[in-house]
Amino acid sequence: MLSAYYLYRAVDYRFLHADRLGPSLFNKQLWYFSHALLALPVVFGAPLQFLPKLRQSAPRVHRWIGRTYVIGASGAATLAIYLGATTEYEGSRLSIVLTGMLWLFFTLAAWKAAVARNFVAHRAFMIRSYTLALVLVWLRVMYDFQDQLFFYVQDEELRDATREWASWVVPLLVVEFWISWLPQVKSNKSFKSKPLRGST
């Protein structure tokens, strides 16, 4: 429900205001529409992939949803790179391009891990990929609470750029802490090193 609400907000912002869509069909308009259409099955189909019962009872459905996700996310990420590089907001260009590049890499890495039947790596990369797929949600949430989150940034353009960066860096850091850093810390605690030879 939250994703649907913020997707509506994103559509309202970009597509229901003519001045934000681009000057012509082949100058941004087509690419914005294509990006949105490719992202739709990604945002709403991916949650099904994390249901253990679906993977166990209907593995073929799981695989087809996964293929749809890879195609949609790869296309949407590629278009995000282009749209980010050509956006009129200079402070957002690098952030959007990096988001698209990482999203594309995580998606393809998840697909490659699944083909190799390395399902531990597949799950980790899928979580990372879907985290970046939800950037539109994180961005709108941070916008709604920007006075509380970014009260220390008074300049409006600088606040927009800060929010753009935080919308993917913060969620990705949280995910990395959960799936990578925390397990390593726990494993280090349980590891007892042997004393060096000759030490007392």
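Values computed for the structure shown
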quantity	calculated
Extended-chain gain in nm, criterion 0.36 nm per residue less alpha-carbon gap, VAL175 and TYR82	30.9 nm
Summed side-chain charge close to LEU134 - residues other than LEU134 whose Cβ falls under 12 Å, Lys, Arg +1, Asp, Glu -1	+2
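Only the coordinates and a few stated rules stand behind these numbers; no lab work does. Being a predicted model, the structure only gives us computed values, none of them experimental. Glycine gets a Cβ as well: all are built from the backbone with ideal geometry, and neighbour counts include every protein chain shown.
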